[in-house]
Amino acid sequence: MSGKLAMACGVLGALWLLGMVIIGGATYPGYDHASQFISELGANGAPQGWLVSYAGFLPVGVLTCAFAVFAWMAAPRSLLATLGFIGVFLFAIGYVGATFFRCDFECRPEEPSLSQMLHNTFGLIGYLFAPLTLLLLGLAARKWPNGAGLAIFAFVAATVLLCAWLTLSPDSPYVGISQRVLEASMLSWVVACGVYLGRHSPRESDLSDAFGNRHT
């Protein structure tokens, strides 16, 4: 059951974020996806800032946090997997933080407010550990049943995410692209992992096998 829930939360969370970015950008006059942060859609003073924050960032954060918990429950237990799913949880907390600590208008203030500083802190924690998170999960997935493809995907996503992270400068005219590549790298693996767990439920299978073996 936890594998199915992980799949549902992972897929729905990623689709929710995609819909939020598309709809939020369409209702923000002059918004440029290539050069502006996603957080600017929910910033104080943005056209639909409050709605994007509470109907966009919050559900994405809750769903992705739930994915991390259910995936940890469904996946084969190991230290690498546990640390990796903690990393996904921290990444998701960034969305929740963005809800309650909205950035200042356009997210690049010369004198940031407390809300802006807390917004940056919550986002930075998840972003800093994101490449390592995917690396740990890739190493863990190598030992999962039929998990080789998922492991390779994690290593590729970690590499792409790291490249995007290194170019995530507020002064870059393409910072929006860098951020979207970073987010897509993490959430695409979340979706892939959710689908894998929903179909295989390796931990539940292992427990069933172990229980059955005790009675044979």
Long-range neighbours under 7 Å by Cβ, at least six apart or interchain, first residue of a type in the set (Phe, Trp, Tyr) within the stretch 109-127, second open to solvent by 40 Å² or more (accessible area, probe 1.4 Å) and outside any helix (DSSP H, G or I):
PHE122/PHE101
In the stretch 160-178, which residues are in a loop (DSSP other than H, G, I, E, B) and open to solvent by less than 80 Å² (accessible area, probe 1.4 Å)?
THR167, LEU168, SER169, PRO170, SER172
Just checking, which of ALA151, ALA55, ALA130, ALA68 is in contact with a Lys or Arg (Cβ under 7 Å, 6 or more places away or on another chain), farther than 17 Å from PHE37 by Cα and without any contact (Cβ under 8 Å) to a residue 60 or more places away in the chain?
ALA151
Against the conditions (1) over 18 Å from HIS119 (Cα atoms); (2) among the hydrophobic types (A, V, I, L, M, F, W, C); (3) surrounded by 23 or more Cβ atoms within 10 Å (Cβ to Cβ), where does LEU5 fall short? Just the number, please.
(3)
Might you let me know whether the stretch 102-110 holds any residue that is among the acidic types (Asp, Glu), over 16 Å from the mean Cα position of the chain (by Cα), at pLDDT below 95 and outside any helix (DSSP H, G or I)?
yes
All but one of (1) in contact with a Pro (Cβ under 6 Å, 6 or more places away or on another chain); (2) of a type in the set (A, V, I, L, M); (3) without any contact (Cβ under 8 Å) to a residue 24 or more places away in the chain hold for LEU161, so report the exception by its number.
(3)
Answer residue from the stretch 55-104, given it is in contact with a Cys (Cβ under 6 Å, 6 or more places away or on another chain) and within 20 Å of LEU182 (Cα to Cα) and is surrounded by the most Cβ atoms within 10 Å (Cβ to Cβ) among those:
PHE67
Return yes or no: is VAL181 over 13 Å from TYR127 (Cβ atoms) and either open to solvent by 10 Å² or more (accessible area, probe 1.4 Å) or in a helix (DSSP H, G or I) (or both)?
no
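The values are calculated or read from the model by the stated rules, or taken from the named source; none is laboratory data. Keep in mind it's a predicted model, so treat the numbers as computed, not measured. Cβ sites come from the backbone with ideal geometry, for glycine too, and all protein chains shown count toward neighbours. Calculation scope for accessible area: heavy atoms of the full protein, side chains included, ligands and nucleic acids excluded. Shrake-Rupley method; radii C 1.70, N 1.55, O 1.52, S 1.80 Å.
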